[in-house]
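Worksheet: one structure, shown below.
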Amino acid sequence: MIATEAGTEAAPGISTPPWARRYAAKVRTPDDAVAGIESGRHLFVGSGAAEPQRLVEALVRRAERLFGTEIVHIMTLGTAPYVEEKWGDNFRHNALFIGPNVREAVARRRADYTPIFLGEIPQLFERGGVALDVALIQVSPPDEHGYCSFGVSTDVVKPAAESAPYVVAEVNPRMPRALGDSFVHIDDLDLLVPVDYPIPEAPVAVPDEVARSIGRHVASLVEDGSTLQMGIGTIPDAVLAYLQDKKDLGVHTEMFSDGIVRLVELGVITNRRKTLHPGKIVAAFCMGSRKLYDFVDNNPQIEFHPVSHTNDPFVIAQNDRMVSINSALEVDLTGQVCADSLGEYFYSGIGGQVDFVRGAARSKGGKPIIALPSTAARDTVSRITAQLKPGAGVVTSRGDVHYVVTEWGIAYLHGRTIQERALAMISIAHPRARPELIRQAKRLRLIPDDVPEVAAVYPAQWTTAHTFARGLRVQFRPIKPTDEEMMKDLFYRLSEQSIYQRFFRALRSMPHRGLVPYVHVDYDREMAIVAVVPHPGQPEREEIVAVGRYAIDRATNRAEVAYLVRDDCQRRGIGSFLVRYLARIARSAGVEGFVAEVLPDNVAGAKVLGTLGLPVETHRSADGCQLSVSFRRARLAPAR
């Protein structure tokens with residue numbers, strides 16, 4: 001049974017059901033459907049790509065007869081003529097999320113903004129916190145039982161239609177029939193307006209190099225079997241592009257766009273390993289191309305639900321390995337996330353960011369991620385800031401934040417000190433912004449005064465892993481300023497002999513001032529590689545089991561090399577691997593050879609240079625031995 005503009009028609013030989021006659025009695029033109037709306041009423045308008053555009057147009061045609069009319073909605077893809085200045089006495093918009101079509105009106109106070117978590121909007125309607133008199137919505141044609149689908153937007157539309165005393169619905173044959181908790185019977189709709197026009201499409205963004213770099217970093221955090229939440233835009237699309245080698249991903253999100261379709265087609269998104277709604281993509285709305293809308297239509301793999309379900313943190317947390325990916329406008333050095341305003345200028349809204357950050361944080365193996373470019377305005381403004389701009393709102397608190405990702409890397413903040421947070425955030429800021437951020441961080445007493453103003457780019461390409469004796473899997477990577485605490489822990493787990501052989505004297509302590517030169521390197525004249533393993537029983541934490549470094553003497557173009565391995569990890573080949581890896585890095589930088597100082601009784605240390613497979617020259621003195629190797633015209637032993 002399909003509804004037509006003239007009413008309904010039944011298939012041959014099938015009698016017309018009673019609801020079809022009731023349907024025909026409710027059909028109106030757009031102008032007739034809004035004719036009964038009176039001044040001072042509170043109107044809800046459908047969301048996103050499901051905005052009932054013909055009803056909105058008819059409402060504005062009636063503007064001169066309406067005064068003090070409030071229009072409430074989240075972001076819509078269509079036009080918003082009711083916020084034009086000339087209708088200031090007639091309409092007042094209340095944005096529950098600010099879209100581009102109403103942003104200027106909110107900024108000029110012709111419209112207002114209500115900050116609220118997206119998942120709590122249904123409750124706001126149901127309890128009358130935001131009063132609704134009329135809901136103007138768009139639905140699909142009814143099925144044979146008289147049920148229409150809310151289509152591409154169930155989100156807050158279904159709760160609004162259930163809360164408003166009077167509901168007027170456009171019935172559009174181009175609206176997909178989305179499945180799930182996304183249906184309304186025609187008996188619950190007061191007037192019906194048959195229409196036929198394309199559902200608005202959201203442009204598919206083409207990620208630039210910055211977005212692609214962010215996408216690679218975020219994708220590295222996604223494990224096989226994870227369940228994803230992400231939004232729309234260049235960064236989410238870039239993330240999806242780098243997930244093609246993952247297996248059995250799932251989706252539980254407030255919205256999705258075209259990138260999801262590609263991963264379903266590739267067999268990456270299967271939803272098989274979801275612990276809630278297994279086998280199903282769960283969402284509240286979608287925006288994208290016609291291909292996306294066709295994919296959604298009558299697809300049993302997809303369930304749409306109101307945001308009271310999709311965005312409930314307690315529901316979200318039931319998905320194991322839940323990964324939430326959300327954006328921000330700026331993040332300060334302590335981890336406060338501003339996502340709805342540019343200083344005093346309200347830009348978007350709270351949306352579902354906090355809902356999913358908190359849900360993912362409570363998920364078994366979950367990862368809440370905030371992703372943003374490090375700069376704005378063509379690299380002239382840092383989005384990693386010492387302090388948020390005056391008037392900026394904190395959407396996600398520093399206590400909620402776990403991962404922050406820019407094109408320069410990943411900062412993990414959860415459970416970290418203010419000093420660790422500030423150093424981590426500075427390390428993912430644009431290199432040109434880092435010296436000033438360090439100065440500001442010192443002024444704000446976030447970091448010690450002796451932290452050098454280094455603007456080095458972290459050489460992530462020098463990250464590798466290797467498995468050693470007894471199955472010990474070790475990651476090798478360049479040292480970071482945030483490794484200070486782990487370096488301190490490493491020192492205090494060394495034996496007296498290991499300390500003496502490395503530092504040539506007995507040391508009882510390693511204070512902050514002693515660690516600063518070890519963790520702050522320029523990755524050019526100096527390079528340091530740490531060997532890290534997961535902390536036993538705490539997989540989110542790492543511990544350093546070995547460290548190697550070199551410093552280049554520009555006069556000779558040779559580098560002095562040193563290394564140490566924690567006592568319980570010695571004699572497994574870690575030191576040899578570390579020195580070979582350092583040699584590979586040094587040689588790629590044009591260094592001609594290594595020089596090492598060792599004590600006479602440090603036999604093991606002396607042997608390590610020999611594992612490079614190069615001739616070792618030895619120069620002995622009363623204090624020890626100087627060993628040297630030349631890289632020129634020689635082939636190094638591989639670091640394996």
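Observations, loosely collected:
- Test: residue in the stretch 545-561 that is closer than 30 Å to A411 by Cβ and surrounded by fewer than 19 Cβ atoms within 10 Å (Cβ to Cβ): yes
- Residue that is surrounded by the fewest Cβ atoms within 10 Å (Cβ to Cβ) [pool: residues in the stretch 57-107 that are over 17 Å from I121 (Cα atoms) and of a type in the set (F, W, Y)]: F67
- Residue that is farthest from I370 (Cα to Cα), among those in the stretch 313-335 that are among the polar types (S, T, N, Q) and touching a strand residue (DSSP E or B) at 6+ places or on another chain (Cβ under 7 Å): N319
- Boolean, I499 is of a type in the set (V, I, T), assigned to a helix (DSSP H, G or I) and not assigned by TED's automatic domain parsing to the domain that holds R566: no
- One residue from V156, V195 being under 35 Å from the mean Cα position of the chain (by Cα) and aliphatic (A, V, I, L, M): V156
- Any hit, the stretch 442-453, residues being in a loop (DSSP other than H, G, I, E, B), under 23 Å from the mean Cα position of the chain (by Cα) and under 22 Å from H512 (Cβ atoms): no
- Tally, over the stretch 243-255, of residues that are of a type outside the set (D, E, K, R), surrounded by 19 or more Cβ atoms within 10 Å (Cβ to Cβ) and part of a loop (DSSP other than H, G, I, E, B): 2
- Qualifying residue in the stretch 513-532 (condition: touching a helix residue (DSSP H, G or I) at 6+ places or on another chain (Cβ under 8 Å), at pLDDT below 95, exposed (fewer than 12 other Cβ atoms within 10 Å of the Cβ) and not assigned by TED's automatic domain parsing to the domain that holds L437): no
- Residue that is surrounded by the fewest Cβ atoms within 10 Å (Cβ to Cβ) [pool: residues in the stretch 329-347 that are among the small types (G, A, S) and free of Cβ contacts under 8 Å to residues at least 60 places away in the same chain]: G343
- Hits in the stretch 419-432 - residues which are over 18 Å from R513 (Cα atoms) and either under 22 Å from the mean Cα position of the chain (by Cα) or not in a helix (DSSP H, G or I) (or both): R421, A424, M425, I426, S427, I428, A429, H430, P431
- Some residue of the stretch 208-227 being touching a Lys or Arg at 6+ places or on another chain (Cβ under 7 Å), in a strand (DSSP E or B), of a type in the set (S, T, N, Q) and assigned by TED's automatic domain parsing to the domain that holds P431: yes
- Residue match in the stretch 392-406 (condition: over 13 Å from the mean Cα position of the chain (by Cα), of a type in the set (G, A, S), part of a strand (DSSP E or B) and surrounded by fewer than 20 Cβ atoms within 10 Å (Cβ to Cβ)): no
- The set of residues in the stretch 409-431 being surrounded by 19 or more Cβ atoms within 10 Å (Cβ to Cβ), out of contact with any helix residue (DSSP H, G or I) (no Cβ under 8 Å at 6 or more places or on another chain) and either without any contact (Cβ under 8 Å) to a residue 60 or more places away in the chain or among the small types (G, A, S) (or both) consists of Q419, I428, H430.
- A search for C-beta distances below 9 Å between a residue of the stretch 243-264 that is under 17 Å from G225 (Cβ atoms) and any residue that is in a loop (DSSP other than H, G, I, E, B) and acidic (D, E), counting only pairs 6+ apart in sequence or on different chains, returns K246/E223; K246/D224; K247/D224; D248/D224; L249/D224.
- Answer from E57, E51 - the residue that is part of a loop (DSSP other than H, G, I, E, B), at pLDDT 95 or above and charged (D, E, K, R): E51
- Which numbered condition R110 misses (of (1) in contact with an Asp or Glu (Cβ under 9 Å, 6 or more places away or on another chain); (2) surrounded by 19 or more Cβ atoms within 10 Å (Cβ to Cβ)): (2)
- Pair list, Cβ under 9 Å, 6 or more apart: the stretch 308-321 residue not assigned by TED's automatic domain parsing to the domain that holds I116, other residue surrounded by fewer than 22 Cβ atoms within 10 Å (Cβ to Cβ) and acidic (D, E): S308/E120; S308/E126; H309/D181; N311/E120; R321/E223; R321/D224
- Any hit, the stretch 472-482, residues being exposed (fewer than 15 other Cβ atoms within 10 Å of the Cβ) and modelled with pLDDT of 95 or more: yes
- Evaluating E496 against the criteria (1) more than 13 Å from L564 (Cα to Cα); (2) loosely packed, with under 15 Cβ neighbours inside 10 Å leaves one unmet condition, (1).
- Considering residues of the stretch 375-385 that are surrounded by fewer than 23 Cβ atoms within 10 Å (Cβ to Cβ) and not charged (D, E, K, R) only, the residue nearest to Q440 (Cα to Cα): T385
- Test set (1) more than 22 Å from the chain's Cα centre (by Cα); (2) surrounded by fewer than 20 Cβ atoms within 10 Å (Cβ to Cβ); (3) closer than 25 Å to R174 by Cα; (4) of a type outside the set (F, W, Y) - L266 fails condition number: (3)
- One residue alone among A559, A528, A506, A555 is free of Cβ contacts under 8 Å to residues at least 24 places away in the same chain and closer than 30 Å to P435 by Cβ, and that residue is A555.
The values are calculated or read from the model by the stated rules, or taken from the named source; none is laboratory data. Given the structure is predicted, the values throughout are model-derived calculations rather than measurements. Note that we place each Cβ from the backbone using ideal geometry, even for glycine, and neighbour counts take in every protein chain shown.
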